[in-house]
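Novice: Structure provided below as structure tokens; questions to follow.
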DNA sequence: TCTCCACCATGAAACGTTTCAATTGGCCTT
DNA sequence: AAGGCCAATTGAAACGTTTCATGGTGGAGA
């Protein structure tokens with residue numbers, strides 16, 4: 001049924017070794033033979049068998065990616081599309097996996113390593129001293145991470161400069177005339193969270209404004225958390241006129257809180273989010289939000305991974321990308 | 001580095017054939033040998049090499065899934081999680097692929113078939129006379145589809161009863177006292193679209209109401225399309241007090257249109273969506289929406305696929321699942 | 001003319017499994 | 001005691017590649 005390299009060889013009147021060379025080392029084959037073989041390949045629709053190739057080469061040509069937990073996070077479809085597309089360009093496949101119920105995250109990775117299904121991993125959502133980074137570094141197993149982390153041994157990573165994102169948000173609202181700007185962020189301790197807070201402070205400093213500690217709230221992810229933070233801040237003695245957040249859901253919660261208090265988000269209060277989730281565009285008013293170039297991130301992740309696999313000796317490369325503020329009505333009608 | 005079946009055999013003092021039998025046909029091995037071998041396997045952390053297994057068995061133990069185009073569709077993360085998890089339970093992997101720029105969809109599938117990377121496909125978003133179904137049926141290549149289709153030759157599918165979804169929406173709003181109920185649907189010609197329209201009519205009939213043709217609009221997917229449809233309907237001589245839609249984005253558009261016209265969605269106008277996207281929960285008011293059991297769909301899809309692979313002769317199985325209406329504030333405060 | 005070399009092609013080994021025919025040894029039957 | 005049968009195990013072939021040592025050919029240099 002399926003065509004093998006032997007079928008091609010027989011048909012073209014050459015040995016299988018020659019066919020293999022046409023595919024993998026064309027310079028070893030005369031132009032004439034080469035074109036004849038290519039012709040037959042085309043004619044038969046031959047494609048090399050991945051399993052046989054992997055077996056012989058002791059490489060899988062596959063990159064593992066552990067699916068993030070479901071939730072209203074960033075756009076997985078865009079990310080995966082680019083991951084799969086770029087991998088395919090390099091002749092690689094993406095192997096997905098997910099922890100089974102109750103399974104430890106690290107064990108999940110170990111299990112995949114042991115079954116030899118992948119040559120390396122792409123990690124997302126890495127954090128300070130991420131245990132996956134430590135484990136994989138320790139094992140010497142190749143990986144590329146979305147998210148830098150201040151770990152002893154260097155490794156290849158891509159990241160989006162979160163500080164630039166919140167700084168842009170602050171610059172935008174202060175540019176609209178806001179002077180009392182609040183921040184709703186995560187508890188300190190996460191790389192991305194802390195970076196976004198730093199951007200906020202930088203932005204305020206750049207606008208010549210002081211950061212009022214009363215207007216900096218720390219809370220977990222989530223709509224309800226945002227709502228509560230919003231109510232707290234807006235009911236305080238000297239409430240903000242603009243609130244910057246580190247996540248869209250928090251922003252949605254704050255808009256809701258404002259509405260409950262009789263304020264019109266986008267008129268009486270400016271709100272910004274982070275991640276530019278699909279929901280941000282559908283709100284009324286639409287939520288001004290920081291968009292991360294996830295397709296670019298995915299592309300670079302795979303490039304780094306593939307490069308690392310073929311150049312194991314080289315020092316790891318890193319890349320910092322910049323996010324972009326998408327301005328919508330949640331801020332536009334506010335300010336002076 | 002990696003342990004092979006030979007390492008296990010040597011260590012346990014048996015042949016590789018015996019080790020293989022312990023794994024694949026335990027009844028052929030004495031209890032004593034079996035436990036000894038299992039012990040060694042545990043000790044060495046041995047895992048069979050997938051490539052070698054595939055090569056020998058001429059099976060990949062992998063199911064292909066073509067990523068849907070990015071867009072604010074249904075929750076891909078939930079779906080994929082379950083797809084990967086269930087596949088893993090069966091000892092299968094999921095192989096993702098995506099059409100390259102400008103590539104024909106069918107060619108994408110053909111290419112995957114030719115490279116022999118998968119044993120079968122899971123299809124989503126199938127439609128009437130779906131060309132993929134026709135092609136794969138023609139080739140005799142196994143697949144399982146999310147979405148029935150009235151095609152000549154039967155095939156395994158799972159579907160969510162869209163009619164039940166819209167009927168539930170109608171039942172809900174008429175139960176709140178609404179009498180003039182509008183529908184914003186897609187142009188006829190899609191399986192899921194037509195089914196949802198049918199559910200609307202069924203629901204209206206069940207409530208003893210006539211369907212006013214003026215209140216049935218057909219439009220493409222999208223926020224802006226929804227907004228325009230909403231404006232049209234609400235500005236008409238005899239506007240509806242409730243609007244049922246076949247997609248969340250359309251619902252968002254309608255809520256926006258209502259707001260623009262000075263109506264308060266959730267008070268003066270009831271709106272329902274379909275798919276229960278993440279955004280539906282974050283709106284203010286939250287959008288009442290029909291939730292499809294996507295995790296269940298994914299689970300069944302893989303089960304059907306695997307069953308089909310091991311029982312090629314049997315008539316294909318099918319399964320119809322029921323969606324559930326998630327009630328939120330976009331309808332709750334309305335009616336009499 | 002002889003030698004050497006570059007170039008091209010070949011054939012066989014190896015990758016880690018599964019499968020299956022063949023072998024061994026123990027036990028039952030007669 | 002011989003034969004037969006069954007359960008357990010073995011060894012080798014096969015899956016479709018890549019790799020690499022080997023062989024053959026023709027032309028250039030001596």
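The values are calculated or read from the model by the stated rules, or taken from the named source; none is laboratory data. This is a predicted model, so every value here is computed, not measured. Please note: Cβ atoms are built from the backbone with ideal geometry, for glycine as well, and neighbour counts cover all protein chains shown.
Novice: State yes or no: is residue A:306 touching a strand residue (DSSP E or B) at 6+ places or on another chain (Cβ under 9 Å), more than 17 Å from residue A:226 (Cβ to Cβ), assigned to a helix (DSSP H, G or I) and within 14 Å of chain B (Cβ to nearest Cβ)? Break it down stepwise before answering.
Specialist: Numbers: touching a strand residue (DSSP E or B) at 6+ places or on another chain (Cβ under 9 Å): yes; more than 17 Å from residue A:226 (Cβ to Cβ): yes; assigned to a helix (DSSP H, G or I): yes; within 14 Å of chain B (Cβ to nearest Cβ): no.
So residue A:306 fails the test.
Novice: So, residue A:96, is that one more than 9 Å from DNA strand C (Cβ to nearest atom) and at the interface with another protein chain (Cβ under 8 Å from one of its Cβ atoms) or not?
Specialist: Values: more than 9 Å from DNA strand C (Cβ to nearest atom): yes; at the interface with another protein chain (Cβ under 8 Å from one of its Cβ atoms): yes.
In short, yes.
Novice: Could you check, for region A:11-21, whether at least one of its residues is out of contact with any helix residue (DSSP H, G or I) (no Cβ under 6 Å at 6 or more places or on another chain) and more than 10 Å from DNA strand C (Cβ to nearest atom)?
Specialist: No: zero hits.
Novice: Let me ask you something else. Read through the list (1) more than 14 Å from chain A (Cβ to nearest Cβ); (2) in a helix (DSSP H, G or I), then give the number of the only condition that residue B:14 fails.
Specialist: Looking at each condition in turn, residue B:14 falls short on (2).
Novice: So residue A:84 ticks every box in (1) more than 8 Å from chain B (Cβ to nearest Cβ); (2) more than 9 Å from DNA strand D (Cβ to nearest atom); (3) in a helix (DSSP H, G or I) but one. Which box is left unticked?
Specialist: Result: residue A:84 fails condition (1) only.
Novice: Within 13 Å of chain B (Cβ to nearest Cβ) and within 16 Å of DNA strand C (Cβ to nearest atom), is that true of residue A:5? Before the answer, list the steps.
Specialist: Details: within 13 Å of chain B (Cβ to nearest Cβ): yes; within 16 Å of DNA strand C (Cβ to nearest atom): yes.
Yes.
Novice: For region B:200-284, list the strands (runs of 3 or more DSSP E) that sit wholly inside it and hold at least 1 residues that are buried (at least 23 other Cβ atoms within 10 Å of the Cβ); which are they?
Specialist: Numbers: elements: B:216-218, B:242-245, B:270-274.
Answer list for region B:200-284: B:242-245, B:270-274.
Novice: Let me ask something else. Which of the residues belonging to region B:22-64 are on the phi < 0 side of the Ramachandran plot, more than 10 Å from DNA strand C (Cβ to nearest atom) and outside any helix (DSSP H, G or I)? Please lay out each step first, then the result.
Specialist: The first filter runs over region B:22-64 and keeps only residues on the phi < 0 side of the Ramachandran plot, leaving B:22-44, B:46-57, B:59-60, B:62-64.
Imposing the further condition that a residue be more than 10 Å from DNA strand C (Cβ to nearest atom) reduces the set to B:26-27, B:29-44, B:60, B:62-64.
Correct list: B:29, B:30, B:60, B:62, B:63, B:64.
Novice: Which of the residues belonging to region A:118-140 are in a loop (DSSP other than H, G, I, E, B) and in contact with a strand residue (DSSP E or B) (Cβ under 8 Å, 6 or more places away or on another chain)?
Specialist: Hits for region A:118-140 are A:118, A:119, A:124, A:125, A:126, A:130.
Novice: Scanning region A:99-117 for residues that are within 21 Å of residue B:45 (Cβ to Cβ) and assigned to a loop (DSSP other than H, G, I, E, B), which turns out farthest from the other protein chains (Cβ to nearest Cβ)? Step through it out loud before you land on a result.
Specialist: So in region A:99-117, the residues within 21 Å of residue B:45 (Cβ to Cβ) come out as A:99-100, A:102-117.
Checking the rest, the ones that are also assigned to a loop (DSSP other than H, G, I, E, B) come to A:99-100, A:102-104, A:115-117.
Details: A:99: 9, A:100: 7, A:102: 12, A:103: 11, A:104: 15, A:115: 4, A:116: 6, A:117: 6 Å.
Only one residue fits best here, namely A:104.
Novice: If you check residue A:49 against the conditions, is it within 9 Å of DNA strand D (Cβ to nearest atom), within 26 Å of residue B:98 (Cα to Cα) and touching a residue at least 24 places away in the same chain (Cβ under 8 Å)?
Specialist: Values: within 9 Å of DNA strand D (Cβ to nearest atom): yes; within 26 Å of residue B:98 (Cα to Cα): yes; touching a residue at least 24 places away in the same chain (Cβ under 8 Å): yes.
So residue A:49 fits the description; yes.
Novice: Tell me which of these residue B:27 doesn't satisfy, since it passes every other one: (1) more than 10 Å from chain A (Cβ to nearest Cβ); (2) crowded, with 18+ Cβ neighbours inside 10 Å; (3) within 16 Å of DNA strand D (Cβ to nearest atom); (4) modelled with pLDDT under 95.
Specialist: Here residue B:27 meets the rest and fails (2).
Novice: Which of the residues spanning region A:309-335 are at pLDDT 95 or above, more than 14 Å from chain B (Cβ to nearest Cβ) and part of a loop (DSSP other than H, G, I, E, B)?
Specialist: Result: A:322, A:323, A:327.
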